[in-house]
Amino acid sequence: MNMIMQIPVPKDISLPLPLPGGVLMGILIFSFLLHILFINLMLGSTILTFWFQLKGLKDSDYDVLAREIAATITVNKSMGVVLGVAPLLSINVLYTIYFYSANAMTGYAWISIVPWVALAFLLLYLHKYTWDRFAGNRSFHIAILSLPMLSFLVIPFIFLTNINLMLFPERWNEVHGFLSALALPNVFPRYFHFLAASLALTGLFLFIYFGRKTYTPAHAFNRLQQADLQQMMLNLTLGATGSQLIFGPLLFLTLPSKGVSWSLFFVIVGGVVFALAALVLMWRMQVSGNMAINRRFMLIVASLTVTVGFMGTGRHIYRENALRTHKELMAARTKTHQEAAKKAHENLPLPKETQELLSTINPGQELFQSHCAVCHAAATRLVGPPMTEASAIYAANPEALKKWIKAPGRKRPDYPQMTGFPQLTDQQLTDLSAYVLGNKWN
Amino acid sequence: MDFPIFHLDFMGNRMLVAVIAILHVVINHGLAVGFIPLVTWLEYKGFVINERRHADGHAWDELARKLMFIGFIITTTVGALTGVGIWFAASLANPASIGSLVRVFYFAWFTEWIVFMLEVVFIMIYFLTWKKSVTSAHSKLRHIRFGLALSIFSWLTMAIIVAILGFMMDPGNWLSKHTLLQGFANPIYLPQLIFRTPVAMMIAGTFILMATLYILKKDSPIKREAVKTVSAWIMRWTPIAAVGAFIYYWQIPRMMIGNLPVAIATQQFQDWYNSLLWVGVFAIAVGFIVSGSGFFFPTRLPRPLMVIPVVVSVLFLGTFERIREFIRKPYVIGNYMYANGLLADDYPLYQQNGLLSESTWSGICTITPENELQAGENVFAISCTRCHTTHGINSIVWNFERMYGAGQPLNPDAMKAYIKQMHNVRTYMPPFPGNDAELDALVAYIIFEQKEPTTLEGAQLRGPSLFGNLDRKVTN
């Protein structure tokens with residue numbers, strides 16, 4: 001018993017998967033990366049907007065820059081949310097037990113995401129559409145933005161905690177609410193890795209956004225040139241990607257060892273190699289000062305895309321490794337359970353015996369026992385009036401009794417309403433009323 | 001049983017799902033399905049007027065844009081989040097059944113997601129390209145065409161989602177009729193659509209009427225005409241909504257008899273059904289009065305009073321929407337899984353070996369006088385909490401007191417007899433899944449709860465294990 005209390009092994013959902021597991025995993029990895037890309041852009045752009053608006057207090061060009069960046073958030077945040085449904089569906093199918101268990105254990109935090117994100121989005125709009133109105137009161141305007149920004153900085157913890165918690169069923173018994181789940185190892189390194197990725201991707205995205213040939217700022221800059229903007233964004237990507245050289249190993253080294261394997265190691269190293277290549281290319285671009293979106297730049301984008309692909313796959317490999325043993329235990333438990341359930345069916349009385357047993361009893365009596373006796377006794381008040389009283393009312397009128405049983409009215413003020421039985425067939429009603437009226441109550 | 005049990009001991013889990021779902025429907029109908037066609041219509045009027053009177057045409061266009069701004073803000077925030085939120089809430093409330101349904105309906109939900117995503121994308125495009133569209137007549141016309149296409153698309157989205165819902169309300173058929181098209185053949189499908197379409201238009205009309213009065217200044221030259229136009233819109237859709245509501249009202253019991261005989265049995269259903277007529281008549285009357293006064297006295301509508309039609313029409317939709325609450329059945333998947341998340345096939349095992357010893361999170365194998373209350377609580381948590389609370393909404397104590405008299409001490413023998421037969425008497429409840437010792441424990445627990453109300457905390461607070469909440473002995 002104590003063993004079970006330590007490593008709980010639930011039974012799995014016993015319906016088949018709607019698609020082969022491999023296909024679902026492909027859908028999961030791909031749709032998740034797409035979703036998280038937009039979430040990264042949403043978070044990164046919000047932080048940048050905030051940062052540049054602060055700088056804008058001294059130099060109005062930065063306020064203009066903040067405004068340009070803020071304009072991109074609207075679309076990215078909406079895409080981030082709606083694109084989240086596909087990976088949510090897929091993870092629900094693939095890891096039903098693990099994911100839903102984690103959700104339940106962090107339930108309040110988990111459901112709070114819905115109103116919280118909605119509110120953060122509303123504040124974000126408020127900020128975006130009051131740029132001119134609060135021209136004279138920038139600090140207040142920035143304060144509005146700080147709320148959605150802080151929300152976007154905190155809410156990822158809820159997701160990460162869930163995704164992390166689902167990997168460690170052996171520790172579920174230590175969890176009492178969201179905060180204790182947050183304290184499990186690895187949530188924080190994951191968080192910083194994610195944060196740095198958000199800034200890196202946002203830099204890359206804005207580099208392209210500002211570097212488009214057709215780009216014209218909606219509000220004029222005094223001093224900053226297109227190339228300056230690009231330079232800043234390239235710096236950001238460079239710095240943030242570089243910082244992953246710290247956060248990445250930190251994350252890898254703090255991963256609980258149960259899911260670490262050589263294949264994981266090689267996939268991660270593969271990703272790192274491409275990231276290093278991208279870093280070198282970005283560094284050279286930075287030194288050369290040529291900000292054109294050309295083939296060399298596309299090579300950077302391509303390398304980083306490959307890195308992200310590797311990391312997304314690595315994440316999945318870790319998850320599969322970490323859960324392998326538990327999944328096997330769960331499959332075994334599900335199997336023994338199904339066999340036990342089958343045996344239990346064999347222990348049931350055979351239908352033939354039941355039939356014989358039934359035929360010895362009057363069908364009306366049988367129905368009365370299962371449907372009416374819980375509320376009606378022969379001569380005493382139970383939930384309903386005693387049958388001596390009730391049957392007398394319909395002594396000569398079985399049809400009215402049938403009608404009452406089907407859809408009872410409301411008669412005695414000191415009794416509750418009787419339940420109706422519209423599900424009974426006419427034959428059953430006839431048997432029942434024959435029994436009620438024919439039986440000697442008392 | 002296999003999942004840690006999330007539980008809201010006051011509002012109940014179903015209420016959480018219902019609140020999010022109804023909010024989503026109101027936003028979807030009132031601020032997308034019915035909203036976009038009217039906004040497009042106003043934009044089109046601006047375009048036509050623009051040729052004769054430029055300034056007025058521009059004012060119309062601005063009005064339409066500002067209205068769309070409101071629709072855009074709300075649909076992409078609260079609308080989108082409640083859409084996702086239905087998932088979050090439903091899988092907290094009943095993970096075993098959603099976990100099974102998601103395997104059965106993966107493609108249906110994937111389809112639903114794709115139309116949902118496209119709708120959000122199109123709404124963004126429509127609103128965010130508005131300012132650019134005023135540069136030339138050509139681009140304005142293109143923008144209006146896009147609005148028209150979007151109107152049709154959001155209506156189709158609704159039509160598809162209603163079908164998916166219809167299909168899922170009857171999941172008993174998923175094995176035999178393994179196609180989504182079945183959803184369109186559901187007897188309630190057409191009545192629902194005939195009801196929802198005009199009601200969406202009507203609700204959106206009342207939203208827009210109120211917003212228009214706030215957006216346009218008192219001396220705006222187009223105010224008179226704009227209020228008249230919106231009122232005429234409401235006036236046209238109100239009688240159609242009345243017919244739709246009546247068809248729906250008339251069809252519900254027929255559908256329920258065919259499909260879900262049990263719902264009819266509840267007193268609540270009868271009360272609800274009787275109130276439908278009154279709510280319907282009231283909402284239609286308000287619709288006529290408001291649109292009539294808007295049409296004939298467009299300059300005299302008092303702004304603050306315009307919340308009334310908004311509230312009434314939301315109530316109208318919400319009341320009809322409640323039917324989903326009545327689609328209660330003992331099974332979530334016909335003959336396969338009960339609404340408490342337990343498999344029908346596992347029942348004999350549980351009834352022979354005991355529910356608790358088979359459950360993942362209870363840890364109680366044999367019931368002793370020492371752990372009886374605790375065991376009873378665990379049995380309650382596993383087999384009743386998906387629908388009942390201890391003392392909140394649909395409270396178990398209240399339900400028993402209603403039968404045996406409020407404030408009276410409950411009689412354990414009568415309760416046991418009832419619970420053993422509860423699936424016969426109240427057909428929407430699944431049969432009791434445990435053995436006799438567990439039934440005794442459950443009854444002891446409920447009686448204890450009557451005497452000493454104690455909150456039952458869910459896994460979100462106490463952790464997954466059902467162990468150690470009530471280690472008191474029954475004292476009597």
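The values are calculated or read from the model by the stated rules, or taken from the named source; none is laboratory data. What you see is a predicted model; the values in this text were computed from it and never measured. Methodologically, a virtual Cβ is constructed for each residue, glycine included, from the backbone with ideal geometry; neighbour enumeration extends over all protein chains shown. Side chains are part of the model used for accessible areas, which takes the heavy atoms of the whole protein and leaves out ligands, DNA and RNA. Shrake-Rupley method; radii C 1.70, N 1.55, O 1.52, S 1.80 Å.
Applying the Karplus relation 6.51 cos²θ - 1.76 cosθ + 1.60 with θ = phi - 60° to the range B:389-404 yields 3J(HN,Hα) values of 10, 6, 10, x, 6, 6, 5, 5, 5, 4, 4, 6, 5, 4, 7, 9 Hz, where x marks Gly and Pro.
Within the range B:111-149, the residues that become at least 30 Å² less accessible when every protein chain is included than when their own chain is isolated (1.4 Å probe; DNA, RNA and ligands ignored) are B:TRP113, B:MET117, B:MET124, B:LEU128.
Put simply, the amide H of B:THR389, placed in the peptide plane, has neighbours under 5 Å in B:SER395, B:ILE396, leaving out anything fewer than 5 places away on its chain. Solvent-accessible area of A:TYR100, all protein chains in place: 0 Å² (probe radius 1.4 Å, heavy atoms, ligands and nucleic acids excluded).
Expressed as a whole percent, the accessible surface of the range A:133-174 that belongs to carbon and sulfur atoms is 67, based on a 1.4 Å probe. Chain A has equivalent-ellipsoid semi-axes of 65, 30, 18 Å, by the square roots of 5 times the alpha carbon gyration tensor eigenvalues, sorted largest first.
Shown here is the pair-distance distribution of chain B: with all Cα-Cα distances grouped in 10 Å bins from zero up to the longest one, the shares run 4, 18, 25, 21, 15, 10, 5, 2, 0 percent.
From zero outward in steps of 5 Å, how is the percent of C-alpha pairs of the range A:17-184 spread across the bins? Each 5 Å bin holds this share of Cα pairs: 1, 8, 15, 17, 15, 14, 10, 8, 6, 3, 1, 0.
Buried area at the A:B interface is about 6800 square angstrom, summed over both chains, from accessible surfaces computed with a 1.4 angstrom probe. If R0 is taken as 41 Å, the Cβ-Cβ distance between A:GLU170 and A:ASN222 corresponds to a FRET efficiency of 0.10. Here the Karplus curve 6.51 cos²θ - 1.76 cosθ + 1.60, taken at θ = phi - 60°, turns the phi angles of the range B:371-378 into couplings of 9, 4, 5, 4, 4, x, 5, 5 Hz, with x standing for Gly and Pro. Label separation (B:VAL19 vs A:ASN442): 5.6 nm, computed from points 7 Å beyond Cα along the C-beta direction. Here the accessible area of chain B is 66 percent carbon and sulfur, with a 1.4 angstrom probe and all protein chains present. Relative to the longest principal axis of the Cα atoms of chain B, the long axis of helix B:80-93 lies at roughly 10 degrees. Average accessible surface for the protein assembly as shown: 43 Å² per residue, computed with a 1.4 Å probe over protein heavy atoms with every protein chain in place. Helix A:187-211 and the longest principal axis of the C-alpha atoms of chain A enclose an angle of approximately 60°.
With respect to chain B, whose longest principal axis is taken over its alpha-carbon atoms, helix B:137-169 is tilted by about 20°. Take the Cα radius of gyration of the protein assembly as shown and divide it by 2.2 N^0.38 Å, N being the number of residues; the result is 1.07.
Would you kindly work out the equivalent ellipsoid of the range A:113-246 from its C-alpha gyration tensor and give its semi-axes, the square roots of five times the eigenvalues, largest first in whole Å?
Ellipsoid half-lengths, sorted descending, are 35, 22, 11 Å.
The calculated FRET efficiency for A:VAL154 paired with A:LYS58, based on their beta-carbon distance and R0 = 30 Å, is about 0.60.
Extension gain, B:ASP271 to B:PHE288: 0.36 nm times the residue separation minus the Cα-Cα distance gives 3.5 nm. Between B:ASP345 and B:LEU190, the distance separating the two model label sites (each 7 Å from Cα on the Cα→Cβ line) works out to 3.9 nm.
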